[in-house]
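A short write-up of the structure that comes next.
Every number in this text was worked out from the coordinates using simple rules, so none of it is lab data. This structure is a prediction, so every number in the text was calculated from the model and none was measured. Note: ideal-geometry Cβ built from the backbone for every residue, glycine included; neighbour counts use all protein chains shown.
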Amino acid sequence: MKEIKRMNDKEFVEILRKTVIGDLYSINVIIDEYEKLILKHSKIKGVVDEDCVSEIKLKIIKNISKFKGL
């Protein structure tokens, strides 16, 4: 498993701002940042369901532009 460098608050806000306007690299950074949580919530009977993983990621991508408060 690759080691992910944790972002500080300032870096996270900047990535989130870019994500909201559709920057593909930033969207991938956000998805990578929450990969463990996505996998945790994608299990059916204890096994990761790849369709569920894809659905969660798609919902994140579709709805991230609605994020307000930056």
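Between K18 and E35, the distance separating the two model label sites (each 7 Å from Cα on the Cα→Cβ line) works out to 1.8 nm. Any chance you could give the angle, 0 to 90 degrees and rounded to 10, that helix 50-63 forms with the longest Cα principal axis of the chain? Orientation of helix 50-63: about 20 degrees from the principal axis. Under a 5 Å amide H cut-off, with hydrogens placed 1.01 Å from N, V48 pairs with nothing among residues at least 5 apart or on other chains. Considering every alpha-carbon pair of the chain, the percent of pairs per 5 Å bin, from zero through the bin containing the longest distance, is 3, 16, 24, 23, 18, 10, 5, 1. Using Cβ point charges alone (K and R +1, D and E -1), the dipole size of the chain about the Cα centre works out to roughly 220 debye. The mean sequence separation of alpha-carbon pairs under 8 Å and at least six residues apart, normalised by the residue count of the chain, gives a relative contact order of 32 percent.
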